[in-house]
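See structure below.
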């Protein structure tokens with residue numbers, strides 16, 4: 001194949017191209033925001049690869065109706081730009097056939113799941129907009145892509161939710177290590193954006209996970225050489241408007257960060273991910289630990305520090321089964337404190353209902369008795385600051401929203417950007433019609449357990465802030481009730 005102009009490609013192309021011929025790699029995952037050119041660069045790499053190596057690709061979308069105007073169009077535009085359409089490829093409905101070998105690209109929708117059958121003869125399965133797929137689709141694909149050497153999956157998506165099964169049941173179950181953002185390539189302009197992109201490999205060495213944003217698209221930000229590409233002022237202006245007006249949308253579609261799209265009616269109305277989420281590190285100050293006793297989907301431990309009037313959530317410890325009881329959850333907190341080499345006092349806050357003595361327990365111990373006993377046995381001095389009664393839900397929400405928006409009494413709240421579950425909870429938990437927290441229940445299809453998937457870190461936050469700022473909260477309640485006749 002004639003040498004192609006390197007300026008035709010974005011950095012993502014140079015990273016995907018060698019992975020296609022690496023027999024150790026089975027999975028290539030590409031996530032990122034809007035205008036990141038994920039599909040286009042994958043199409044570039046696959047079109048070049050099929051000409052060079054006679055490799056065929058099966059492209060899946062969740063619904064067939066979306067193929068023609070999305071991924072198929074991207075392949076056609078990529079082929080036109082590379083000058084391949086006239087010389088190398090013949091485009092038909094849902095099919096691209098090579099004119100120089102037996103390679104092809106076929107497009108199918110998974111609204112007919114029978115389409116998964118017959119993929120054995122393909123070298124690549126490309127799942128476009130993977131976040132729309134059902135988990136069973138991917139399971140069937142993995143079982144059926146067999147019979148040839150160097151077969152692999154490419155999956156791309158936008159991280160619209162931190163609760164995608166792709167994260168919870170696949171990617172987040174693996175251990176990942178960072179890889180260099182630059183690669184040996186025919187151009188020096190091959191590095192992914194150092195601030196927002198990443199490239200990682202899993203512990204088994206069979207999967208590579210790449211994140212890109214619009215900053216890695218030279219047809220949005222311009223070519224760094226000053227020659228080629230395009231500066232798309234309209235797209236850049238639109239992203240800047242999102243940054244100011246809709247920070248959650250900006251986080252997802254500009255920065256490619258996990259999130260959940262807001263639909264209105266949020267409980268934490270003034271929680272702003274762009275303003276309140278930031279990288280934080282533990283300081284030389286005491287730890288304040290707030291708990292929520294619910295055991296499903298996890299027992300909640302949130303870890304806070306107060307520096308002057310800056311209230312900071314430093315970390316989260318969601319204790320899933322089998323660690324979702326008081327002793328085991330406390331043991332996980334001990335491990336966390338020991339990793340930080342923390343030796344100071346531990347203050348405990350949380351749900352007052354968990355202070356009740358258990359008639360089942362042989363020692364008549366409460367949840368907090370058991371939790372604190374583990375901490376004290378491990379050498380920590382513990383002070384129990386659990387309130388006698390829970391703060392009024394609607395009033396506590398209004399109080400904390402005031403701190404978020406106006407830094408009431410000079411206090412501010414910051415959430416560490418590593419607290420992904422907490423951030424998701426704060427962003428999407430809804431308000432009920434009476435101003436309380438809406439907690440719909442769902443049933444786990446495997447265990448049959450019914451539980452509330454959201455609101456646990458939100459409750460832990462309420463218990464902590466309303467206790468630690470009890471004087472300010474009492475003033476707020478008095479003023480609010482006097483002015484508005486607020487009913488609790």
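Read-outs throughout are calculated quantities, based only on the coordinates presented, and are distinct from any laboratory measurement. Keep in mind that what you see is a predicted model, and the values were worked out from it rather than measured. Heads up, the Cβs are rebuilt from the backbone with ideal geometry, glycines too, and the neighbour counts pull from every protein chain shown.
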- Note on the structure: In nm, the gap between the two label points placed 7 Å beyond Cα toward Cβ at residue 139 and residue 407 is 5.1 nm
- Inter-label distance for residue 342 and residue 87, nm, one decimal - labels placed 7 Å from Cα along Cα-to-Cβ: 6.3 nm
- Message: How would 223, 137, 456 line up from fewest to most surrounding beta-carbon atoms within 10 angstrom?
- Response: 223, 137, 456
- Simple spin-label estimate for residue 206/residue 8, 7 Å along Cα→Cβ, in nm, reads 3.4 nm
- Fewest-first ranking of 158, 175, using other Cβ atoms within 10 Å as the exposure measure: 175, 158
- More than 26 Å apart: what percent of Cα pairs in region 273-482 qualify? 33 percent
- Task: May I ask you to sort 339, 215 by Cβ crowding, counting other Cβ atoms within 10 Å and putting the fewest first?
- Result: 339, 215
- Task: Can you tell me the 0 to 90 degree angle between the C-alpha axis of helix 11-20 and the longest principal axis of the chain, rounded to 10?
- Result: 70 degrees
- If you average over every viewing direction, what projected area does the convex hull of the Cα atoms of region 208-357 give, in nm²? 14.2 nm²
- Task: When a/c is below 1.5 the answer is rounded, else prolate if a/b is larger than b/c, else oblate, so apply that to region 6-221 with a ≥ b ≥ c taken from the square roots of the Cα gyration tensor eigenvalues.
- Result: rounded
- Does region 11-98 come out rounded, prolate or oblate, given a ≥ b ≥ c as the square roots of the eigenvalues of its C-alpha gyration tensor, rounded meaning a/c under 1.5 and, failing that, prolate meaning a/b above b/c? rounded
- Is the shape of region 155-240 rounded, prolate or oblate, going by the alpha carbon gyration tensor and its root eigenvalues a ≥ b ≥ c, with a/c under 1.5 for rounded and a/b larger than b/c for prolate? oblate
- Message: Multiplying the sequence separation of residue 308 and residue 94 by 0.36 nm and subtracting their Cα-Cα distance, what value in nm do you get?
- Response: 70.8 nm
- Item | Rounded to 10°, Cα long-axis angle of helix 393-406 versus longest principal axis of the chain | 60 degrees
- Task: For residue 169 and residue 332, calculate 0.36 nm times their separation in residues minus their Cα-Cα distance, and state this gained length in nm to one decimal.
- Result: 56.5 nm
- Task: Work out the FRET efficiency for residue 54 and residue 223 from their Cβ-Cβ distance, taking R0 = 35 Å, and round it to the nearest 0.05.
- Result: 0.65
- How much length is gained if the chain between residue 19 and residue 325 is pulled fully straight, taking 0.36 nm per residue apart and subtracting their Cα-Cα distance, in nm to one decimal? 105.8 nm
- Message: Using the Kirkwood formula on the Cα atoms of the chain, what hydrodynamic radius do you get, in angstrom to one decimal?
- Response: 25.3 Å
- Item | Acute angle (nearest 10 degrees) that the helix 233-245 long axis makes with the longest principal axis of the chain, alpha-carbon atoms | 10 degrees
- Segments 105-113, 396-404, 41-49 sorted - mean Cβ within 10 Å per residue, highest first: 41-49, 396-404, 105-113
